[in-house]
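Below: one structure, written as structure tokens.
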Amino acid sequence: MSPAIPSRPQSIALIGGHRALDLVNTVSWRHDPDQWRENLAVPLDLLTWAHRASVLHEPHLTAIRLATAEDPKLAAGVLRRVHELREQLYLHLADCIDDPDREHQIVEGSPLHRAFADAVTASKLAGTPARWTLDARVPFDIPRVLALHALDLVQTMPLDSLRRCDDDGCGWLFLDTTRNHSRRWCSSGDCGNRDRARRHYARSQKTTRRDASASGSQ
Ligand SMILES: [Zn+2]
């Protein structure tokens, strides 16, 4: 087995346009087994990313870090729950993208439904318009806060704006907010650049082949 590619929770881009999509995008190269990378590989990765993504705020960060450091079993359980939420959410969103004409029900008792119900039970309604809100104070609040983001996404997302990066291996999701819905890449500087380089290479190979066959015929 090849060694795991190191995670990058401190630098992975937050470009989904919604925090729940940024969560889904904590897996890099989801559809490319050679480059696949888990950016939330250990509990500390989760805390680092959650703090960066404003899921976990400063006053409670230290207490949660201590609690997870003192109880590795608890920390592993929290991380597992985040992974489960993320993967269930990805499956649901991928279904919505791949089969946009069908209704995609989140049925009662399904893992996503259970995660939403657990998160709502621990939250309070606040603000105008009212939203379910929760400040993460204990480790298991992290998956709950993320579930509230996921719930917000599935309740409010404009389906025609939800996109998957056009790169075959990437698998990142984002909301396309361009006026003519023309965004193809998670990042034009990353997957977009790679595609431009690939097309440039293909063009130059074609020219080289054409030149070679032309000189061969002379
Ligand atoms: Zn991409």
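The values are calculated or read from the model by the stated rules, or taken from the named source; none is laboratory data. Just so it is clear, the model here is predicted, and its values are computed rather than measured. Backbone-built Cβ (ideal geometry, glycine too); neighbour counts: all protein chains shown.
Quick notes on this one:
- Qualifying residue in the stretch 152-159 (condition: among the hydroxyl-bearing types (S, T, Y), within 24 Å of W29 (Cβ to Cβ) and away from the ligand (no atom under 16 Å from the Cβ)): no
- Taken together, the criteria place K206 among residues that are away from the ligand (no atom under 16 Å from the Cβ), of a type in the set (K, R) and either under 18 Å from the mean Cα position of the chain (by Cα) or outside the structural domain of D32 (by TED's automatic domain parsing) (or both).
- When D190, D167 are checked against the criterion of being under 17 Å from the mean Cα position of the chain (by Cα), within 16 Å of the ligand (Cβ to nearest atom) and part of a helix (DSSP H, G or I), a single residue qualifies: D190.
- Within the stretch 136-164, considering residues that are β-branched (V, I, T) and assigned to a helix (DSSP H, G or I), the one modelled with the lowest pLDDT: T156
- Every listed requirement among (1) within 16 Å of the ligand (Cβ to nearest atom); (2) surrounded by 12 or more Cβ atoms within 10 Å (Cβ to Cβ); (3) not aromatic (F, W, Y) is met by R199 save one, (2).
- Looking across the stretch 177-187, just one residue is within 9 Å of the ligand (Cβ to nearest atom) and among the hydroxyl-bearing types (S, T, Y), and that is S187.
- Among the residues listed as R52, R37, R86, the single one being under 23 Å from H113 (Cα atoms) and either touching a strand residue (DSSP E or B) at 6+ places or on another chain (Cβ under 7 Å) or at pLDDT 95 or above (or both): R86
- Candidates G109, G169, filtered to the one that is of a type outside the set (S, T, Y) and in contact with a His (Cβ under 8 Å, 6 or more places away or on another chain): G169
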